[in-house]
Amino acid sequence: MTDLRGRVAIVTGAGKGLGRAYALHLAARGAQVLVNNRRHPGEADADTSAARVAEAIRAAGHQAEPDWSEVADPASGLAMVEHARARLGRLDIVVANAGIDAPTSFLKQGMADFRRIFDTSFFGNLHLAHAAWPVLTGQGYGRMVLTASSAGLHANHGQSAYSAAKAAVIGLARSLAIEGAHRNVRVNVIAPYGFSQMTAPYMQPGMAAAFDPARVAPLVGWLCSEACDVSGEVLVGGAGVVRRAATGETAALALDAADPAATVHALAGLPVRSYPSANDSFAELLREIDAAVPGVSP
């Protein structure tokens with residue numbers, strides 16, 4: 001069983017749905033949790049979802065503090081990190097879960113709406129990651145879980161802003177995984193499926209039990225633990241199953257300059273392989289160029 005005793009975690013968007021499930025699970029495994037969820041207009045602190053989740057954790061005999069930072073605010077990351085360290089003593093785990101979407105076709109979407117979705121769904125991950133990074137790398141230990149989506153992997157009609165934001169999260173996380181490798185900071189991405197306020201309009205009501213957010217939480221808990229031995233992974237989870245997602249490229253073919261379409265169509269039938277970094281991909285490309293067009297590469 002995942003053991004998080006002595007660890008302190010920040011979970012954003014933790015007032016409901018997936019974030020709530022993560023916060024409850026991490027606390028049950030021994031972590032102290034800063035439960036983040038923004039206030040809604042007119043809410044008293046005690047009535048907020050963050051306060052209710054923190055109180056549920058405390059009622060179960062664990063330690064938690066509510067936090068109302070708005071993750072789209074550039075100052076939110078530093079505010080949460082300072083809050084966690086001041087009230088809970090340290091910081092070991094970051095789970096950036098907050099996100100929003102408002103599906104509409106790109107033709108009808110104004111730039112203000114695009115930016116609003118991007119500010120929460122990408123920068124909400126970035127602000128916290130950037131503020132936590134010097135703490136985690138400086139102490140030589142950390143676990144970070146950023147949140148993407150199948151929309152970021154595969155795109156979807158009407159989700160250009162959300163897809164772009166979540167694709168950007170994947171690029172960020174993979175770069176941080178490379179930088180954190182020698183400092184014992186592991187960074188992974190969860191692309192979760194859970195029945196929630198955001199997904200309910202797109203799921204049948206009968207799916208609620210199967211896609212209970214609590215069924216994703218054990219995976220996130222392990223990614224947050226000292227036992228986690230992977231980094232830079234994108235894991236698609238929900239309803240008790242997990243997939244591994246990967247970006248890849250085919251082997252190179254010599255370009256037929258007279259008929260580029262023939263080469264592109266031939267590539268579609270080749271298997272795809274992944275690389276640990278862009279530098280590794282380029283190194284392999286140079287080897288393939290030598291084989292396909294001798295004398296071209298330096």
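Throughout, read-outs are computed from the coordinates displayed, never taken from laboratory work. Source: prediction; values computed, not measured. Methodologically, a virtual Cβ is constructed for each residue, glycine included, from the backbone with ideal geometry; neighbour enumeration extends over all protein chains shown.
Before moving on, here are some points about what is shown:
- Summed residue charge, Cβ within 12 Å of Ala21's Cβ, Lys/Arg positive, Asp/Glu negative: +2
- Of the trypsin sites (Lys or Arg not before Pro) found in segment 231-284, not one falls in a DSSP loop while having at most 14 other beta-carbon atoms within 10 Å.
- The smallest convex shape that holds all Cα atoms of the chain, its convex hull, gives 170 Å³ per residue.
- With Cα atoms, 0 to 90° folded angle of helix 49-59 axis to the chain main axis: 60 degrees
- Each 5 Å bin from zero holds the following percent of Cα-Cα pairs in segment 248-298: 4, 19, 24, 25, 20, 7, 1.
- Simple spin-label estimate for Ala208 and Asp3 gives 3.8 nm between the two label positions (7 Å along the Cα-to-Cβ direction from each Cα).
- Summing Lys and Arg as +1 and Asp and Glu as -1 over all other residues whose Cβ lies under 15 Å from the Cβ of Val234 gives a net charge of +4.
- Stretch gain in nm, segment Phe106-Arg243, where the contour uses 0.36 nm per residue and the Cα spacing is subtracted: 46.4 nm
- Potential lengthening between Leu267 and Asn279 on full extension [0.36 nm per residue; Cα-Cα distance subtracted]: 2.2 nm
- Proximal charge balance of His265 [Cβ under 11 Å; K/R count +1, D/E count -1]: -2
- Taking Ala261, Ala72, Ala208 as the candidate residues, the one with maximal mean-square fluctuation in a Gaussian network model of the chain, Cα springs under 10 Å, is Ala261.
- Euclidean distance between Cα centres, segment 1-21 to segment 92-167, Å: 18 Å
- Cβ-Cβ FRET estimate between Ala258 and Asp290, R0 fixed at 22 Å, reported to 0.05: 0.45
- Counting only alpha carbon atoms, the long axis of helix 160-180 and the longest principal axis of the chain meet at about 90°.
- Calculated [222 nm] ellipticity per residue, helices only, for the chain: -12500 deg cm²/dmol; basis is -39500 (n - 2.57) per DSSP H run with n ≥ 4, divided by all residues, nearest 500.
- Sequence ranges 186-195, 125-134, 99-108, ranked by mean other-Cβ count within 10 angstrom, highest first: 186-195, 125-134, 99-108
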